[in-house]
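Report on the structure given below.
We did not get these values from a lab; they are worked out from the coordinates using the rules stated. Just so you know, these numbers come straight off a predicted model, no measurement behind them. When we count neighbours, we look across all protein chains shown, and the Cβ atoms used for this are built from the backbone with ideal geometry, even at glycine.
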Amino acid sequence: MDIKQIAALDEQVYFHTFGARQNVAFASGSGCTLTDTEGKQYTDFFAGIAVNSLGYCYPAFQAAMHAQLDRILHTSSVFYIENQTLLAQQLVENSFADRVFFASTGAEANEGAVKLVRKFFYARQENRYEVITLNNSFHGRTLAMVAATGQEKYQKPYHPLPEGFVNVTPGDLSALEAAIGEHTAAVLLEVLQGEGGVVPFSKAYIQGVEALCRKHGILFMVDEVQTGIGRTGKLFAYEHYGVTPDVVTLAKALGNGIPISAILAREPFASAFTPGDHGTTFGGNPFSCAAGLAVMDALLNDGILSGVAAKSDYLRGGLEDLARKHPVVKQVRGLGLLLGMELDTVPVAQIVAALQKKGFVVGSAARNTLRFAPPLIISSAEMDALFAALDETLTEVSSHGSADL
Ligand SMILES: Cc1ncc(COP(=O)(O)O)c(C=O)c1O
């Protein structure tokens, strides 16, 4: 089908949750290059929302997937699964965690983490169940995670929301401490708010949150669904902050496109789940864990993780040069290869569309921020090409008030 046929059929048969989508359907990819159904090529600075860290058709990843496909895809966690055990070991050996549980999506991992903390206090016969989260956060689309997500636009149509979530002002330790009460069980936050506009927190704030959790005997939980598995230049973004979480959730990049998510926890919290407390059909199956193992191997043994810092400096440097040149750019911010460019007054969707026309896929976050989350294998030449296209687009916007679409 060509793009017109796909769009027309989609309009008829798919839920309208994504509205008028960007007018392109990708048919294949190689490295950081995507090819659409019409044969046009694009350089990818979006990675399917920070998922495809190895880009497309990374040879060792492809080989691992093909080999697993020809052996076995799914059994059930009723049985032992070698890949599941090995991936859990990899994550434990490379993090703060003592144990791991696999699920399929970010929201599901976060739900499981909230259940874990409730179960921990239930077993101790303490009536602590409330989880404090931050305004402008994003934790997923299930009902409980909508309640956790501190953004009215996601919550409004879905009342009554599940109880047990309190949203507080981000960056304000006094507000956080004021919200801690006799029923508080944990704080759950992103150290860098991705969907909220690529907004990183200061070290002082994140360390302050950890200190408050310790002071009040509640859990410190970090949602690394978007920031985890190398995206920020460390395997986990919490490592930039000199803190030790009790629970971390992962998804997105862990499978490089194969759905897999994880809850990582340290003891005694990890053992709060006892047989029958939690489960999932698909989570941690042989295929998704083979993907996770191939991702970890590439990150740790192919030099991909160690290369992120230099690529990040290059991307940030180029975006900051553009910010100095174009007054319409308010700020460049972020960590590693998750960078945002906040724009003043210009509709971000228009810039995204103009860049797409020039052969670049970029994302947006919040109302006014361009989001750059390329595969972690992006090259300097590909970044140079983006800088030139973005420079041209920002010039068009500044002179005509709109990008030349
Ligand atoms: C920080 C964070 N948490 C949770 C989620 C939800 O993940 P999923 O869409 O896989 O349920 C997202 C998705 O963007 C996210 O960025």
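Structure notes:
- Dipole magnitude of the chain about its Cα centre (Cβ charges: Lys, Arg +1; Asp, Glu -1), debye to nearest 20: 360
- Extension gain, residue 2 back to residue 123 (0.36 nm per residue minus Cα-Cα distance, nm): 37.9 nm
- Hz values of 3J(HN,Hα) by residue in segment 215-227 - Karplus curve (6.51, -1.76, 1.60), Gly and Pro given as x: 4, 9, x, 10, 7, 9, 10, 10, 8, 10, 4, 9, 9
- Rough spin-label spacing in nm, given labels placed 7 Å along Cα→Cβ, for residue 49 and residue 156: 2.0
- Label-point separation in nm, residue 57 to residue 18, each point 7 Å along Cα→Cβ: 2.2
- Residues in segment 69-85 reached by a label modelled at residue 281 [backbone nitrogen below 17 Å; 7 Å Cα→Cβ]: 73-79
- Of all the options 186, 25, 354, the one that moves most in a Gaussian network model of the chain with Cα springs shorter than 10 angstrom is 25.
- Extension gain (nm, one decimal) between residue 349 and residue 69, 0.36 nm per residue minus Cα-Cα: 96.9 nm
- For residue 380 and residue 274, a Förster radius of 51 Å and the Cβ-Cβ distance give a FRET efficiency of 0.50, rounded to the nearest 0.05.
- Using C-alpha pairs under 8 Å with a sequence gap of at least 6, the mean separation divided by the residue count of segment 174-263 gives a relative contact order of 25 percent.
- Sequentially through segment 36-44, phi angles give Karplus couplings (6.51, -1.76, 1.60; θ = phi - 60°) of 8, 5, 9, x, 7, 9, 9, 9, 9 Hz, Gly and Pro residues having no value and appearing as x.
- Whole-Hz ³J(HN,Hα) from phi, Karplus 6.51 cos²θ - 1.76 cosθ + 1.60, for segment 251-266, glycine and proline x: 6, 4, 6, 4, x, 6, x, 8, x, 7, 9, 8, 10, 10, 8, 9
- Label-point gap, in nm, between residue 331 and residue 244 - each point 7 angstrom along Cα→Cβ: 3.2
- Spin-label zone in segment 352-383 - amide nitrogen under 18 Å from a point set 7 Å from the Cα of residue 306 along the C-beta vector: 376-378
- Other-chain or far-sequence residues with amide H under 5 Å of residue 219's (modelled H): 186, 187
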